[in-house]
Each structure stands twice: as C-alpha cells, then as structure tokens.
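The values are calculated or read from the model by the stated rules, or taken from the named source; none is laboratory data. Values in this document were obtained by computation on a predicted structure and should not be read as measured data. Virtual Cβ from ideal backbone geometry, glycine too; neighbours counted across all protein chains shown. Quick note on the areas: whole protein, heavy atoms, side chains included, nothing else; ligands and nucleic acids left out. Shrake-Rupley method; radii C 1.70, N 1.55, O 1.52, S 1.80 Å.
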Amino acid sequence: MAIDFGKLADIFVTNWPMFLHGIYITVLFAIVGTVCGFIIGLIIGSLKTIKVNDYDKPIIKILKTMMQAVLRFYVWVFRGTPMMIQAVFLYYLFKPLINWTSFEAALVIISVNTGAYMAEIIRSGIQSIDKGQSEAAQSIGMSHFQNLIYIILPQAIQNSFPSIGNQLIVNIKDSSMLNVLQVTELYFQTMSIAGSNMRFIETYLISAIIYLILTSVASFILNCLERKTNHEGKKRHIDFCS
Amino acid sequence: MEELLSVINLQKNFDELEVLKDVSFSVKSREAVTIIGASGSGKSTLLRSINLLERPSGGQILFHGQNIMENSFDVNSYRQKVAMVFQNFNLFNHLNVLQNCLIGQTKVKKIGKDEALDKALYYLEKVGMRQFKDAYPQTLSGGQKQRVAIARALAMEPEIVLFDEPTSALDPEMVQEVLDIMQKLAKEGLTMIVVTHEMQFARDVSDKVIFMDKGIIAEEGSAEDIFAHPKNPRTIQFLSRYRQSFV
C-alpha cells in the first residue's frame, strides 16, 4: 500500500487531454442538471401549492387530486432510487422510442433526478414564507400564480438558496454515476486511464483531487452569490413597471 | 344612498366551531363602519369573509347587489376593489416601499408605469411615507409599516378598505400616527370597515358601530347610540371600562 507521488505528475501530464475532457463533461452535466433541475423544481414546487378546495367543482377536485398524486409519485421514485438505475432503465426504455444518445439521456436523467430534490427544496421554501404574504397578495387581487411569481417564489428562492446551491456540488460528484451510460465524464475517463496504465491508486487520487477542486470552486462561487443576493435583497431595485 | 356592500345571514364554521352564526349588516358608500367586540367574537373572521380570505359557510355577501359567493364571480377583480389592511402589515418583504405600492397597480390592474408611479407617490405622501420610498420593510417601525400598508391598499384605488385591527400589533406610541391617517381618510369619504379595539377612534370616526358578541351582532347603531346609550347588557358590560374613563 504505497502511493507513488512521483507518478502523479507523470500520469497527469500523459493523460491531461482525457482528464480535461472528463472535467468538461462533468461540469456540463452538473450545471445543466442543476439549472434544468431547478426549473423542474420550480414548476413542481409551484404546482404542489395548488390545493383542493371544498368549493371546487367535482371534476376540478379529481384533476387536482390526480395531479398531486402524479407529482408525489415522481418525487417519491426519483428520490427513492439510485440515479445509476434510473439512468440505465430510462435510457433503454426510451431508446427505441426516441433513439437518443447516451449523452442526451445522461443530461435528461441528471436534470429529472435533480428536479425531484429541487421540488422538495422549493416546496419547503414556499412553506417557510409567512402566510400573511399570500394573504396580502390575494387582498390586492393577485391570482394564485401572480402571487407565486411576484411574491412567494422570489422570497422562497432567496431563503432556500443554500440548499439549491448545494445541489450543484452534489451533482458534480453524482454525475459520476452516469458512467454506466458510457458517457465520458471524469469518473469514466479515470477508469479508462487507470485501466490502461494499471496505476489505480495514483490515477484515482488525481481524480479525487480534481473533484475536490471542482466542488471547492463551486462552493466558493455559491458563497459569493449568496452574499450578493442577501446584500441585494436589501437594496436591489427590480423595475416592476417595465 | 346606494348600499355598496350587504352581508346577509352570514355564517362561518371552522369544523364544529361556529364563529359567525347569523350576521347581517350593510355599508353605504362613503360610510365608516367600525366593528368592536371581545376577542373571539368573530370580528376578524367577518372582515376576512368579506374579501373571501375565509370562505363563508352560508349566507350571502352582495357587492353592488351582486352575490360574491357565486362560483362564476370573479374574485380577483372584486378584491382589487376591496382592499385590506392587516394587523401584521404583511408588506412584501422582498420589495421596497415604493415597489409595494406599485406591484398591485402594474401587475394586477395593468396600469402604465408613469401613472402607477404617480399614484404610488401620491398615496405615500398622504400617509407621510414618501421620503421612505426606497426603504425595505424590515428597516421600518411598525407604525411606518402600517402606513405603507395603507398606502399600498389605497394605491389600488379601491371602493372600500377593510382594516383588520390595524393598530393591535403596534407599540403604544405608534398607534396614534396610524389612527390619525385613518381618521383623515374617513373624513375624506373613504368607505371603510374597521375592526378595532380603539374605542375613542371608533367613537370619533364611525358613521355606524357594530358590536359583535359570540358570532352575532349584538348591537348596531350610530357612534352616539353605542357609546353613549348602549342598550344590550353585553354592550354595556363590554364598554363599561371605556365609559368609566370617558363618559
């Protein structure tokens, strides 16, 4: 059990184009997954606020109940199963239908998977907003969705920003699971390099260091953004008239 | 004068609890109506039912003769005409004072930018908060927040404003600044329904006073009737502390 540190630089210099490509794909997956997952989460978190009212027409009640059941099912399944299994299952399930590449499938799967987590983050963010905010919005005649878009979501997103950003860090690491689809992200590249030079310890150490650098940079950027949004939360000027 | 708003046999239950039993009253245009009564008598529920923040269990509410509880009724456009001022202000925390007064105008009423800005500034001036237009709610005192909340309601140019215990959450020294503004508005002929514990204010501004007790209107009359010559024993009892000190 020994790490040959002398080999580290060697391996990196020999294989840097492969590492670099892996970094590129990993970062791409993480960013696309987080952004698309955030959008999915916003939509689902918002739809989850639609409650069945006593005075709704029966058909509306049924539709609302069905929609809530579908949303619950989505979150339940995608949070409750490993992304690796989702990836393989969905890739082969839809392959005959839409003939997608594994790269396209990987982008969709990480987004849909992140969306399930984001939906819960947004939902709890919405719940953390004082009921009075909604009542005030209603009292000036805002519809449910105007209330969400102009009043509730801006505050909910600001409050849950740390959890939303955390998903980016999770995705940098978890995108490694998409190697099952043979996409050339960082973990897949590491496997390939180690498979050819047989220097498993050193190659995986390089990979670990790269992941650590990526997550550190991401959390640094997120911290800056968080400080900025908190600061601007007090001062920012959104032009509501435009 | 035309009846602007009529509440007819209104009932509201929260599960088994009957909060409003059978409430009927009406408000004319330019009238200031105050609702007084002990905590738990149903005052706030009544007010919240009027703009459908609470869905009544039975009875009718007529606005310009139209039943607002019908399914086909456009609740959102009704609420633009029936503004509300809350006990806890409920200013939009992520918006500054000016934006709080603009958002309803521009996003709900779809009024143009310049006109909305003029109105927002006009009403902020009226409540003495124009110089705070760029401040965020968390930097304001309770009294200032409530004045902004009043400006936000007025900027919608509603036909009636509902005040739900607007001074109950304020420190004592801030109560008067809010009451003064409300009194000014009442004098200018703003139609208002005010749920309040401020008896002197109710006496000074009310065209009509409603005393509620256990989910019903126990007594209703002019300020003079209720405060100087109450008839119902419950009213007499409720007002006894106030009347000892003032009458």
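For the stretch A:5-241, the solvent-accessible area with a 1.4 angstrom probe is 52 square angstrom per residue. Along the axis of the charge dipole computed for the protein assembly as shown (Cβ charges of +1 for Lys and Arg, -1 for Asp and Glu, origin at the Cα centre), the listed residues B:TYR78, A:ILE85, A:SER160 are led at the positive end by A:ILE85. A simple spin-label model places pseudo-atoms 7 Å from Cα toward Cβ; at B:ALA135 and B:GLN176 they are separated by 1.9 nm. For the protein assembly as shown, count all C-alpha to C-alpha pairs, find those more than 32 Å apart, and express that count as a whole percent of the total. So the pairs more than 32 Å apart make up 55 percent of the total in the protein assembly as shown. In this view, the solvent-accessible surface of B:HIS64, computed with a 1.4 Å probe and all protein chains in place, comes to about 90 Å².
Close amide H contacts of B:GLU219 (hydrogens built in the peptide plane, cut-off under 5 Å, sequence separation of 5 or more or a different chain): B:PHE211. Toward the positive end of the charge dipole of the protein assembly as shown, with +1 on the Cβ of Lys and Arg and -1 on the Cβ of Asp and Glu, the farthest Cα among B:LEU185, A:GLY37, B:SER49 is that of A:GLY37.
Residue by residue along A:141-149, Cβ atoms of other protein chains within 10 Å of the local Cβ number 4 on average. Residue order by solvent-accessible surface for A:THR101, A:THR114 is A:THR101, A:THR114, largest first, with ligands and nucleic acids left out and a 1.4 Å probe.
Using only side-chain charges placed at the Cβ, +1 for Lys and Arg and -1 for Asp and Glu, the dipole size of the stretch A:5-241 relative to its Cα centre rounds to 400 debye. Overall, the protein assembly as shown carries a charge dipole of about 520 debye about its Cα centre when +1 sits on the Cβ of Lys and Arg and -1 on the Cβ of Asp and Glu, all other atoms neutral.
Note on B:102-115: average number of Cβ atoms from other chains within 10 Å of each residue's Cβ is 4. Cα axis of helix A:186-197 to longest principal axis of chain A: angle in degrees, 0 to 90, nearest 10? Long axis of A:186-197 versus the principal axis of chain A: about 10 degrees.
Enter the angle in degrees (range 0 to 90, nearest 10) between the Cα long axis of helix A:200-235 and the first principal axis of the Cα atoms of chain A, meaning the one along which they spread out most. With both axes taken from Cα atoms, the answer is about 30 degrees.
Rounded to the nearest 500, the helix-only mean residue ellipticity at 222 nm of chain B stands at -11000 deg cm²/dmol, with each DSSP H run of n ≥ 4 adding -39,500 (n - 2.57). Residue ranges A:87-93, A:174-180 sort as A:174-180, A:87-93 when ordered by packing (mean number of other C-beta atoms within 10 Å per residue, highest first). Normalised by the number of residues in the stretch B:87-245, the mean separation of alpha-carbon contacts (under 8 Å, six or more apart) gives a relative contact order of 18 percent.
Per-residue mean of foreign Cβ neighbours for A:151-163 is 2 (Cβ atoms of other chains, 10 Å radius). Buried accessible surface for the B/A pair, both sides summed and rounded to the nearest 100, is 2700 Å² with a 1.4 Å probe. Counting only protein heavy atoms and a probe of 1.4 Å, the accessible surface of the protein assembly as shown is 59% carbon and sulfur. In the protein assembly as shown, taking the dipole from charged Cβ atoms about the Cα centre, the farthest positive-side position among B:VAL127, B:ALA228, A:PHE200 is held by A:PHE200.
Relative contact order (percent) for the stretch A:5-241, with alpha-carbon contacts under 8 angstrom and 6 or more residues of separation? Relative contact order here is 31 percent.
State the dimensionless ratio Rg/Rh of chain A (Rg: radius of gyration of Cα atoms; Rh: Kirkwood radius).
1.07
Taking the stretch A:5-241 as the region of interest, the number of lysine pairs whose Cα atoms are within less than 16 Å, with members eight or more places apart or on different chains, is 6. Only Cα sites of chain B enter the Debye sum here, all with the same form factor; the resulting log10 I(q)/I(0) across q = 0.14, 0.15 1/Å is -0.94, -1.07, listed in q order. Evaluating 6.51 cos²θ - 1.76 cosθ + 1.60 at θ = phi - 60° for every residue in the stretch A:54-61, the Karplus couplings come out as 4, 8, 5, 5, x, 5, 5, 4 Hz, glycine and proline recorded as x. Packing around the peptides A:158-164, A:182-188, A:46-52, taken as the average count of other Cβ atoms within 10 Å per residue, puts them in this order, highest first: A:182-188, A:158-164, A:46-52. Within the full protein context, the accessible area of B:GLU54 is estimated at about 30 Å² for a probe radius of 1.4 Å.
Taking all protein chains together and rolling a 1.4 Å probe, B:PHE132 ends up with roughly 60 Å² accessible.
Listed values for the stretch A:104-111 are Karplus-derived 3J(HN,Hα) couplings in whole Hz (6.51 cos²θ - 1.76 cosθ + 1.60, θ = phi - 60°), namely 4, 4, 4, 4, 5, 5, 5, 5, and x replaces Gly and Pro. What you get for the stretch B:171-247, charging only the Cβ of Lys and Arg (+1) and of Asp and Glu (-1), is a dipole of about 360 debye around the Cα centre.
Look at the alpha carbon pairs under 8 Å that are at least 6 residues apart: their mean separation over the length of the stretch B:129-190 gives a relative contact order of 37 percent.
Length available on full extension from A:VAL35 to A:ILE213: 0.36 nm per residue minus the Cα-Cα distance, which gives 62.0 nm.
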